[in-house]
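Shown next, in structure tokens, is the structure this report addresses.
The values are calculated or read from the model by the stated rules, or taken from the named source; none is laboratory data. Just so it is clear, the structure is predicted and the values come from calculations on it, not from any experiment. Virtual Cβ from ideal backbone geometry, glycine too; neighbours counted across all protein chains shown.
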């Protein structure tokens, strides 16, 4: 459904280790979505309207930062750290709260931005790890229940590889490099067809109408084509004045509409 733009997507493989790695990566991406967008359900975050000009500026700054780094790595060049820090601190400059989701809607298009700072960042990583661990535990149980009876060498290696996975999300997101070296990182996710009901109803708990507006919300009996939205997520993180900060910018557009994302 979606992929991390800095990770080479895995192709279906018969190799047991690659199969396990592929499933781990998929679960990580789902855990990230849950940790980023669950604020309205778990932490009293609100959807707050943001001025179109401010949102457009954020969109353009994220795009510029994305262009500045190598396609193979989320690490931003040192010369772009100041630009990243300004964006991470923009909520302070504009007197905007952290934790909440700032939103701007146009017909068939939605932009969201959310800032986290200090203890909120700590909680984000706790939730990210919890979502990944829960997903992996459930997946291991299902895979062992459904495949252990086969008793062939390839299946045994695959199940053992799943059991051996012990990924720490703080390591995966290079948190120590941020805290010790002060680097700035920008990673992205893209989905050509994000299910808007999954995001709005199940993860955020606000409903599609509240997220995308009444004119763009799918009907109650919507088919898959009505539920499909293009999705682009930018995740920026660094230290600003010694405080760990994150900024998530999301661009959504109905896949039935023609569009061009500004990069």
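Check 218, 214 and return the single one that is surrounded by fewer than 18 Cβ atoms within 10 Å (Cβ to Cβ) and not in a strand (DSSP E or B). On inspection, the qualifying residue turns out to be 214.
The set of residues in the range 62-80 being over 20 Å from residue 250 (Cβ atoms) and crowded, with 16+ Cβ neighbours inside 10 Å consists of 75, 80. Being in contact with a strand residue (DSSP E or B) (Cβ under 8 Å, 6 or more places away or on another chain), under 23 Å from residue 45 (Cα atoms) and either surrounded by 14 or more Cβ atoms within 10 Å (Cβ to Cβ) or at pLDDT 95 or above (or both) is true of residue 117. If I filter the range 62-78 for residues that are modelled with pLDDT under 95 and in contact with a strand residue (DSSP E or B) (Cβ under 7 Å, 6 or more places away or on another chain), do I get at least one hit? There is no residue in the range 62-78 that is modelled with pLDDT under 95 and in contact with a strand residue (DSSP E or B) (Cβ under 7 Å, 6 or more places away or on another chain). Taking (1) within 21 Å of residue 250 (Cα to Cα); (2) free of Cβ contacts under 8 Å to residues at least 60 places away in the same chain; (3) part of a helix (DSSP H, G or I) in turn, residue 127 satisfies each apart from (2).
Test residue 159 against the criterion of being touching a helix residue (DSSP H, G or I) at 6+ places or on another chain (Cβ under 9 Å), in contact (Cβ under 8 Å) with a residue 60 or more places away in the chain and either surrounded by 14 or more Cβ atoms within 10 Å (Cβ to Cβ) or within 23 Å of residue 247 (Cα to Cα) (or both), and give yes or no. Spelling it out, it is not the case that residue 159 is touching a helix residue (DSSP H, G or I) at 6+ places or on another chain (Cβ under 9 Å), in contact (Cβ under 8 Å) with a residue 60 or more places away in the chain and either surrounded by 14 or more Cβ atoms within 10 Å (Cβ to Cβ) or within 23 Å of residue 247 (Cα to Cα) (or both).
For the range 168-201, filtered to residues that are assigned to a loop (DSSP other than H, G, I, E, B) and touching a helix residue (DSSP H, G or I) at 6+ places or on another chain (Cβ under 9 Å), the residue that is nearest to residue 29 (Cα to Cα) is 173.
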